[in-house]
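Structure, as structure tokens:
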Amino acid sequence: MSRRIVAAGNWKMNMTPAQARELMEKLIPLVKSDDKDVIFCVPAIDILPCLELAKGTNIKIGAQNMYYEDKGAYTGEISPVMLRAAGVEYVIIGHSERRGYFGETNEDINKKALKAFEHGITPIICCGESLEQRNQGITIDWIRQQIKTAFMGITDEQAKTAIIAYEPIWAIGTGQTATTEQAQEVCGAIRDCIAEIYDIPTAEAVRVLYGGSVNAKTAPDLFAQPDIDGGLVGGASLKEEFGDIVKA
Ligand code: 13P
């Protein structure tokens with residue numbers, strides 16, 4: 001089993017194009033790595049300048065969202081065709097902020113994941129429970145439902161290349177990282193769920209990340225867990241600290 005570790009930054013709604021250039025220049029020397037995939041998921045308006053600066057480096061540029069149609073009258077949306085043509089290789093799908101603030105459903109996320117694969121973009125499919133759900137003891141059931149719906153109609157060959165990010169909502173932006181046990185338990189359950197939908201080889205190929213207040217201190221233990229293949233990092237991806245997380 002040799003899954004490549006992923007260190008993905010989610011810049012969220014931060015960085016003007018000028019600030020994005022500045023941050024890229026600061027981080028490029030700090031995130032060099034031969035054995036990890038380093039991905040910066042940046043705001044749509046920063047994609048082109050970041051792609052330009054990422055040329056010749058190990059950094060891949062991802063989007064934070066996309067629509068599930070190729071083109072047309074969908075004001076404000078960005079299409080997989082546009083992303084692909086620009087050179088984007090990854091897209092975050094179904095982040096809890098998209099689900100919570102913009103009403104995205106498991107079905108929308110499935111449509112987007114199918115579209116991303118159709119256009120050769122690797123989806124980073126997010127899932128995660130609220131604190132209420134965790135307290136009610138329904139975390140694993142909830143996550144399994146999110147995963148099963150997200151992967152409807154996705155072939156095993158596609159699923160093998162997918163990235164899944166487990167991000168407990170209560171851990172996002174709160175400074176309260178899940179414990180390594182909590183994170184490993186759910187990431188393991190996600191892999192089991194993929195094995196049920198497909199088979200063991202698919203489950204062993206898919207990469208499962210943890211996200212939620214990951215920092216340079218918590219990353220080494222998290223990334224050492226058997227079913228955690230890296231992190232999706234918010235706040236700390238905007239700082240030099242991201243370099244230490246890549247090294248974790
Ligand atoms: P923080 O690392 O800021 O908690 O954000 C996590 C996240 O939502 C990444 O997608």
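Odds and ends about this structure:
- Cross-link pairs exceeding 24 Å between alpha carbons, from the set LYS115/LYS160; LYS55/LYS111; LYS12/LYS160: LYS55/LYS111; LYS12/LYS160.
- The H on the amide N of GLY9, modeled in the peptide plane, is under 5 Å from the matching H of ILE39, PHE40, CYS41, VAL233, each at least 5 residues off or on a different chain.
- Distances between placed amide hydrogens fall under 5 Å for ALA165 paired with ILE125, CYS126, CYS127, LEU209, all partners being 5 or more residues away or on another chain.
- Estimated vicinal HN-Hα couplings, Hz - the range 141-147 in sequence order (Karplus 6.51, -1.76, 1.60; Gly, Pro = x): 4, 4, 5, 4, 5, 4, 5
- Once exposed loop trypsin sites (Lys or Arg not before Pro) are cut out (DSSP; at most 11 other Cβ, 10 Å), longest piece of the chain: 72-248
- Most mobile of GLY76, GLY188, GLY173 in a GNM of the chain (Cα contacts under 10 Å): GLY76
- Couplings 3J(HN,Hα) of the range 154-161, computed from phi: 8, 6, 5, 5, 5, 4, 4, 9 Hz, in residue order, whole Hz [Karplus 6.51 cos²θ - 1.76 cosθ + 1.60, θ = phi - 60°; x for Gly and Pro].
- Of TYR101, TYR166, TYR198, the one that fluctuates the most in a GNM where the chain has Cα springs shorter than 10 Å: TYR101
- Going from the fewest other Cβ atoms within 10 Å to the most, the residues GLU157, GLU204 appear in the order GLU157, GLU204.
- Global geometry of the range 27-144, whether rounded, prolate or oblate, following the gyration tensor of its Cα atoms and the 1.5 cut on a/c: oblate
- Computed about the Cα centre, the dipole magnitude for the chain is approximately 480 debye when only Lys and Arg (+1) and Asp and Glu (-1) carry charge, each at its Cβ.
We did not get these values from a lab; they are worked out from the coordinates using the rules stated. The structure displayed is predicted, hence computed values, not measured ones. Using ideal geometry, Cβ is built from the backbone for each residue, glycine included, and neighbour counts are taken over all protein chains shown.
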